[in-house]
Amino acid sequence: KTVLVPGANLTLSEGDAYGGVNLSSAADAVTVKIYDSSGNLVQTQSLGKAEAGNLLFSWDGSTSSGTTAADGAYTYKVTASKGSSSVTAEALQLGTVSALTRTTSGNFVLDLGSLGQYDFSDVQQVF
């Protein structure tokens with residue numbers, strides 16, 4: 001299964017990358033800025049208006065300069081606003097569950113491979 005958890009990692013593979021945003025309230029404008037591993041801005045996407053809650057987005061690897069980014073690891077930052085007010089926007093990343101483990105305290109954690117381990121309560125959505 002694939003899950004949506006807090007974090008700002010994007011993996012571009014064969015021209016596809018997917019991420020998410022959780023908005024605390026409705027926004028007139030949601031913007032995603034994608035960065036390479038050196039911290040250079042690669043692409044800015046305007047997602048437009050959105051309701052409160054989870055919002056998914058995709059990136060085809062195109063860069064602001066008109067080239068195609070190489071497959072690999074990227075990060076992103078999200079900003080959102082309604083009128084002149086800022087809206088709280090939390091970055092959400094997609095991860096594939098490779099294992100479900102019970103901790104010594106009895107809680108369950110999901111192993112998402114290179115993204116690390118996440119408490120089951122961190123999961124925003126399951127696909």
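The values are calculated or read from the model by the stated rules, or taken from the named source; none is laboratory data. Predicted model only: the values in this text are computed from it and were never measured. Because the Cβ atoms are built from the backbone with ideal geometry, glycine has one as well, and the counts that use them run over all protein chains shown. Surface accessibility is based on the protein's heavy atoms, side chains included, excluding ligands, DNA and RNA. Shrake-Rupley method; radii C 1.70, N 1.55, O 1.52, S 1.80 Å.
Numbers for the structure displayed
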read-out	value
Packing rank of 42-53, 99-110, 23-34, where each peptide gets the mean count of other beta carbons within 10 Å, highest leading	23-34, 42-53, 99-110
Net lengthening on full extension, THR63/SER13 (0.36 nm per residue, minus Cα-Cα)	16.5 nm
Percent accessible area from carbon and sulfur atoms, the chain, protein chains only, probe 1.4 Å	48
Potential extension, ALA29-GLN125 segment - 0.36 nm per residue separation minus Cα distance	32.3 nm
